[in-house]
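Okay, structure first, notes after.
The values are calculated or read from the model by the stated rules, or taken from the named source; none is laboratory data. Quick caveat, the model's predicted, so the values are computed rather than measured. Cβ placement follows ideal geometry from the backbone for every residue including glycine, while neighbour counts extend to all protein chains displayed. Protein only, heavy atoms only, side chains kept; ligands, DNA and RNA dropped before computing areas. Shrake-Rupley method; radii C 1.70, N 1.55, O 1.52, S 1.80 Å.
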Amino acid sequence: HLDDRFDIVFTSYGTIGWLPDLTRWAQVISHFLQPGGLFYIADFHPVLWMFDDEMQSLKYPYHNSGVIETEQKGTYADREAGIQYKEFGWNHSLSEIINSLIGQGLRIEFLHEYPYSPYDCFDKTVKGEDGNYRIRGLEGIIPMMYSIGARKG
């Protein structure tokens, strides 16, 4: 229901894993971003979504090979909540994310990867002296977050 264009479009943590089609996502971004406008995303790294829920072993493919259906208990905000449900998600590689943006005329200005999470939302995390969280035993080994800045030409 919007007709405006914006200087900044932002996608936050934990969003694109719910989307099966990143081309459509990038089309929406491009549609609402005015020429010269900045798109920014900060999200959890796709390497994290390869692990099982206990963060003990690799279970899912890095590249998007279709829907991933899992049985879940609790919520990300309350892991002990008495809720059980099926969850559907998609793992999107960095190349899929970046190429979907490029395909809609956005110019990538930066890609940053980080070995930590600001949120304690994964199993087996330990809090570092910097206040960020890492997976116990994988501290400094795997990326946990990334950010991308892109500008519409």
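I'm spelling it out carefully: the read-out is percent of Cα pairs over 19 Å apart, the candidates are [x] 57; [y] 49; [z] 54, and one was derived from this structure. Which label?
Here percent of Cα pairs over 19 Å apart agrees with entry [x].
About the Cα centre, and with charges only on the beta carbon of Lys, Arg (+1) and Asp, Glu (-1), how big is the dipole of segment 78-146? Nearest 20 debye, please. Don't skip to the answer; put the middle values down first.
Numbers: 7 positive and 11 negative charges, 27 e Å.
In debye, rounded to 20, segment 78-146 gives about 120.
Taking Cα pairs under 8 Å and at least six residues apart, what relative contact order does segment 84-144 come out at, in percent?
Working: 49 pairs, mean separation 16.2, N = 61.
Once normalised by length, the contact order is 26 percent.
May I ask you to list the aspartates and glutamates whose Cα is less than 16 Å away from that of Lys152, ignoring any residue fewer than eight positions away on the same chain?
Once the sequence-local aspartates and glutamates are set aside, what remains near Lys152 is Asp4, Asp7, Glu109.
With charges only on Cβ, +1 for K and R and -1 for D and E, what is the dipole size of the chain about its Cα centre, in debye, rounded to 20?
Details: 13 positive and 21 negative charges, 71 e Å.
Computed charge dipole of the chain: roughly 340 debye.
At a probe radius of 1.4 Å, what is the per-residue accessible area of Glu71, in Å² to the nearest 10?
130 Å²
Structure shown: which of Lys86/Lys127; Lys86/Lys124; Lys73/Lys124 lie over 28 Å apart, alpha-carbon to alpha-carbon? Mind showing how you got there, number by number?
Values: Lys86/Lys127 30 Å; Lys86/Lys124 23 Å; Lys73/Lys124 17 Å.
Long pairs (Cα-Cα over 28 Å): Lys86/Lys127.
Once label points are set 7 Å from the Cα along Cα→Cβ at both Gln34 and Ile68, what is their separation, rounded to one decimal in nm?
Modelled inter-label distance: 3.9 nm.
List the trypsin sites (Lys or Arg not before Pro) within segment 36-121 that DSSP assigns to loop and that have no more than 13 neighbouring Cβ atoms inside 10 Å.
Working: sites: Lys59, Lys73, Arg79, Lys86, Arg107; in loops: Lys59, Arg79.
Counting only loop positions with at most 13 other Cβ atoms within 10 Å, the trypsin sites (Lys or Arg not before Pro) in segment 36-121 are Lys59, Arg79.
What are the ³J(HN,Hα) values, in whole Hz, obtained from phi via the Karplus relation 6.51 cos²θ - 1.76 cosθ + 1.60 with θ = phi - 60°, for each residue of segment 61-71 in sequence order, with x given for Gly and Pro?
Working through the residues one at a time gives x, 5, 7, 5, 10, x, 5, 10, 9, 9, 8 Hz.
So what is the calculated 222 nm ellipticity per residue for the chain, using -39500 (n - 2.57) for each DSSP H run with n of 4 or more, over all residues, to the nearest 500 deg cm²/dmol?
Values: 2 runs with 20 residues, N = 153.
Using -39500 (n - 2.57) per qualifying helix, the result is -4000 deg cm²/dmol.
What is the gain in length, in nm to one decimal, between Ala81 and Tyr114 on full extension, counting 0.36 nm per residue of separation less the C-alpha to C-alpha distance? Please report the intermediate quantities before stating the final value.
Working: separation 33, 0.36 × 33 = 11.88 nm, distance 2.98 nm.
Here the segment from Ala81 to Tyr114 would lengthen by 8.9 nm.
Assign unit charges at the C-beta atoms only (+1 for Lys and Arg, -1 for Asp and Glu), then state the dipole size of segment 1-86 relative to its Cα centre in Debye, rounded to the nearest 20.
Working: 6 positive and 12 negative charges, 30 e Å.
Using Cβ point charges on Lys, Arg, Asp and Glu, segment 1-86 gives about 140 debye.
Hey, with R₀ at 30 Å, roughly what FRET efficiency would Glu54 and Ile102 work out to, going by the Cβ-Cβ distance, to 0.05?
On the way: r = 36 Å, r/R0 = 1.19.
The formula returns an efficiency of 0.25 here.
In a Gaussian network model over the chain where Cα atoms closer than 10 Å are linked, find which of Ile83, Ile98, Ile108 has the largest mean-square fluctuation.
So, out of Ile83, Ile98, Ile108, the one fluctuating most is Ile83.
Using +1 at the C-beta of Lys and Arg and -1 at the C-beta of Asp and Glu, which of Ser117, Gln27, Ile142 has the Cα lying farthest in the positive direction of the dipole of the chain?
Value computed over the given set: Gln27.
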